[in-house]
Amino acid sequence: MNFNNKVILITGASTGIGRELAIQLSKKNVKLALVARRENLLQDLTNENVISVKCDVSKKNEVVSAYQQIIEKFGKIDVAILNAGYSVRMKVEEYNSEYAEKIFGANVFGIIYWVEQLIPDMMKRKEGMIVGVSSLADSKGYSKSGFYSASKAAATTYLEGLRSELRKYNVQVLTVRPGFVKTPMTDKNEFYMPLMMSTEKAAQIIINGIEKEKRMIQFPWQLVFATRLIPLIPNRLYELLENQTMKKYE
Ligand SMILES: NC(=O)c1ccc[n+]([C@@H]2O[C@H](COP(=O)([O-])OP(=O)(O)OC[C@H]3O[C@@H](n4cnc5c(N)ncnc54)[C@H](OP(=O)(O)O)[C@@H]3O)[C@@H](O)[C@H]2O)c1
């Protein structure tokens, strides 16, 4: 995949990984459409080749309108990096399904609604790339993060099915599964996050993966390996180990 002259959409471009992707990609010969709810945080990135669009990706009508604004400006989208995401850690004592609505809204429907807009044109042109940002947290239900893990499992599985079906239209679907990256999302976490990576490094890996058209862009390899092993641990033992670890941070 050659980025030259491509129109690239990045959702969740106001902070963290999305913002760093926007910064690094803006140094290439591309046109960028940056999406987030806090449009004010996108302003310093905009210029004649970069537009910012205010949009809550969990709301279908806002996604429809944002897509139309981008098409009016650039005529098409070649690469869609669907990165917007939300996470809250919640104890069962504070159980509130509103968190689930927000998390699934951004992490699952935020991909589904964009795909609905993107694929008719991509299938017609027989080209395009959809890059969905999931997480290594998709491999297991982690305590206090059940909604988040479940949303990322849904995203990964959904993208897998889509990849297979869109192949005949020459539309590629890539899944990104990061480990811990230092962003406002992880700044809230109270527990030890091994092998934490900078946004600069994470964005580099994602951009390289897109250039190489890797179906799965997952990092760091040590955590990828660990997330393959963890589901093999018997549930009883896993619960014991996880509870003991979590107690340390309470
Ligand atoms: N950081 C990590 O360790 C890590 C690990 C694995 C996966 N990920 C995934 O990587 C992606 C980026 O996360 P990050 O760490 O960079 O977090 P972040 O700094 O909190 O950024 C999240 C971005 O998503 C946007 N967003 C959230 N909800 C939205 C909504 N409903 N509509 C539109 N935009 C929304 C936010 O913008 P506004 O608030 O301005 O709308 C922000 O730009 C997420 O999908 C996350 O799950 C992160």
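The values are calculated or read from the model by the stated rules, or taken from the named source; none is laboratory data. The model shown is predicted, which means the values in this text are computed figures rather than measured ones. Cβ atoms come from the backbone with ideal geometry, glycine included; neighbour counts cover every protein chain shown. Note: areas computed on protein heavy atoms with side chains; ligands, DNA, RNA excluded. Shrake-Rupley method; radii C 1.70, N 1.55, O 1.52, S 1.80 Å.
Per residue, the accessible area of the chain comes to 51 Å² when a 1.4 Å probe rolls over the protein heavy atoms. Between the amide H of residue 131 and those of 80, 81, 82, 174, distances stay under 5 Å, these residues lying 5 or more places away or on another chain, with hydrogens modeled in the peptide plane.
Using a probe radius of 1.4 angstrom, the carbon and sulfur fraction of the accessible surface of the chain is 52%. Pairs over the 19 Å Cα-Cα cut-off, from the set 31/60; 182/247; 27/201; 6/28; 102/188; 54/182: 31/60; 182/247; 54/182. Shown in residue order for region 61-78 are the 3J(HN,Hα) couplings computed by the Karplus curve 6.51 cos²θ - 1.76 cosθ + 1.60 at θ = phi - 60°: 4, 6, 5, 4, 5, 5, 4, 4, 4, 5, 5, 4, 7, 10, x, 6, 10, 8 Hz (x for Gly and Pro). Applying the Karplus relation 6.51 cos²θ - 1.76 cosθ + 1.60 with θ = phi - 60° to region 111-123 yields 3J(HN,Hα) values of 8, 4, 5, 5, 4, 4, 6, 6, 6, x, 5, 5, 5 Hz, where x marks Gly and Pro. Counting only DSSP beta bridges whose two residues both lie in the chain, roughly 5 percent are antiparallel. Here the Karplus curve 6.51 cos²θ - 1.76 cosθ + 1.60, taken at θ = phi - 60°, turns the phi angles of region 89-103 into couplings of 8, 9, 7, 4, 5, 10, 3, 8, 5, 4, 5, 4, 4, 5, 5 Hz, with x standing for Gly and Pro.
Rounded to the nearest whole angstrom, the semi-axes of the ellipsoid equivalent to the chain, taken from the Cα gyration tensor as √(5λ), stand at 31, 19, 18, largest first. Thinking of region 1-89 as a set of Cα atoms, what percent of all their pairs are more than 15 Å apart? Distances greater than 15 Å cover 53 percent of the Cα pairs. Only helical runs count toward this figure. For the chain, summing -39,500 (n - 2.57) over DSSP H runs of n ≥ 4 and dividing by all residues gives -13500 deg cm²/dmol at 222 nm.
Proximity of backbone amide H atoms, modeled 1.01 Å from N, is registered between residue 31 and 6, 7, 8 at under 5 Å, excluding neighbours fewer than 5 places apart on the same chain.
Compared with the dominant Cα axis of the chain, that is its longest principal axis, helix 235-247 is turned about 90°. Annotation note: GluC sites (Glu not before Pro) in region 57-163 located in DSSP loop regions with a Cβ neighbour count of at most 16 within 10 Å are 127.
In this structure, the amide hydrogen of residue 52, modeled 1.01 Å from its nitrogen in the peptide plane, lies closer than 5 angstrom to those of 34, counting only residues at least 5 positions away or on a different chain.
Checking every one of the trypsin sites (Lys or Arg not before Pro) in region 1-95 against DSSP loop status and a limit of 13 other Cβ atoms within 10 Å picks out 27, 38, 91. Under the combined filter of DSSP loop state and at most 14 neighbouring Cβ atoms within 10 Å, region 112-181 retains these trypsin sites (Lys or Arg not before Pro): 126.
Ratio of Rg to Rh for region 155-250: 1.05 [Cα atoms; Kirkwood radius as inverse mean 1/r over pairs]. Just to be sure I understand the curve: with the Debye formula and one point per C-alpha of region 1-49, what is log10 I(q)/I(0) at q = 0.25, 0.30, 0.31 Å⁻¹? Debye output, listed in q order: -0.90, -1.22, -1.29.
Against the chain, whose longest principal axis is taken from its Cα atoms, helix 199-211 shows a tilt of about 60°.
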